[in-house]
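**Q** Sharing a structure with you now.
The values are calculated or read from the model by the stated rules, or taken from the named source; none is laboratory data. Just so it is clear, the structure is predicted and the values come from calculations on it, not from any experiment. We place every Cβ from the backbone using ideal geometry, glycine too, and count neighbours over all the protein chains shown. Only protein heavy atoms, including side chains, enter the accessible area calculation; ligands, DNA and RNA are left aside. Shrake-Rupley method; radii C 1.70, N 1.55, O 1.52, S 1.80 Å.
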Amino acid sequence: MTNIELELVSDINLDQAFLVLARTLAAGRSTHRAGAWRLKPIQKHLQHARKHLDLLANGSAGEDHLAHAACRLLMALELRERTAQTRAAGPATVEAANDSEQMTLFAGVAPTR
């Protein structure tokens, strides 16, 4: 990371945002199969994020639509980056990335109770 990137990142305290995202992802484990998000195309995640943003804009209650939209956007972003990295690395790495649990979203974050 460059100095300018570090300065921009330090301008926002991400701790609380990451905690909300981790809780939302942990709650999703009870309704979605583990790792199933990786099998969906980026466009699908963007559609889900847009749906949550529309619900938020319309005042819908019940779920934290902002957190759900953010999770979907992070999933799309990770898939985009994973695709770019595997393309740049070549065919041998593509197989390794498909066979492993590399770059899991929020790896090591303890589930909330």
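**Q** Out of all the residues in the range 1-38, which are under 13 Å from the mean Cα position of the chain (by Cα) and open to solvent by 100 Å² or more (accessible area, probe 1.4 Å)?
**A** Residue satisfying the conditions is Arg23 alone.
**Q** Check whether at least one residue in the range 63-71 is open to solvent by 60 Å² or more (accessible area, probe 1.4 Å) and either aromatic (Phe, Trp, Tyr) or in contact (Cβ under 8 Å) with a residue 40 or more places away in the chain (or both), and report yes or no.
**A** At the first step, the residues of the range 63-71 found to be open to solvent by 60 Å² or more (accessible area, probe 1.4 Å) are 63-64, 66.
Right, trim to either aromatic (Phe, Trp, Tyr) or in contact (Cβ under 8 Å) with a residue 40 or more places away in the chain (or both) and you get 64.
Yes: the range 63-71 contains one or more residues that are open to solvent by 60 Å² or more (accessible area, probe 1.4 Å) and either aromatic (Phe, Trp, Tyr) or in contact (Cβ under 8 Å) with a residue 40 or more places away in the chain (or both).
**Q** Cβ-Cβ distance below 6 Å, separation of 6 or more or different chains: which pairs start in the range 1-27 with a residue that is within 14 Å of Ala69 (Cα to Cα) and end on one that is outside any helix (DSSP H, G or I) and among the β-branched types (Val, Ile, Thr)?
**A** These pairs meet every condition: Ala22/Val109; Arg23/Thr112.
**Q** Among the helices (runs of 4 or more DSSP H) confined wholly to the range 1-84, which include 1 or more residues that are at pLDDT 95 or above? Give the derivation first.
**A** Working: elements: 3-10, 15-28, 42-57.
In the range 1-84, the matching helices (runs of 4 or more DSSP H) lie at 15-28, 42-57.
**Q** Restricting attention to the range 42-54, report how many residues are under 20 Å from Arg82 (Cβ atoms) and either open to solvent by 80 Å² or more (accessible area, probe 1.4 Å) or of a type in the set (Ser, Thr, Tyr) (or both).
**A** Count: 3.
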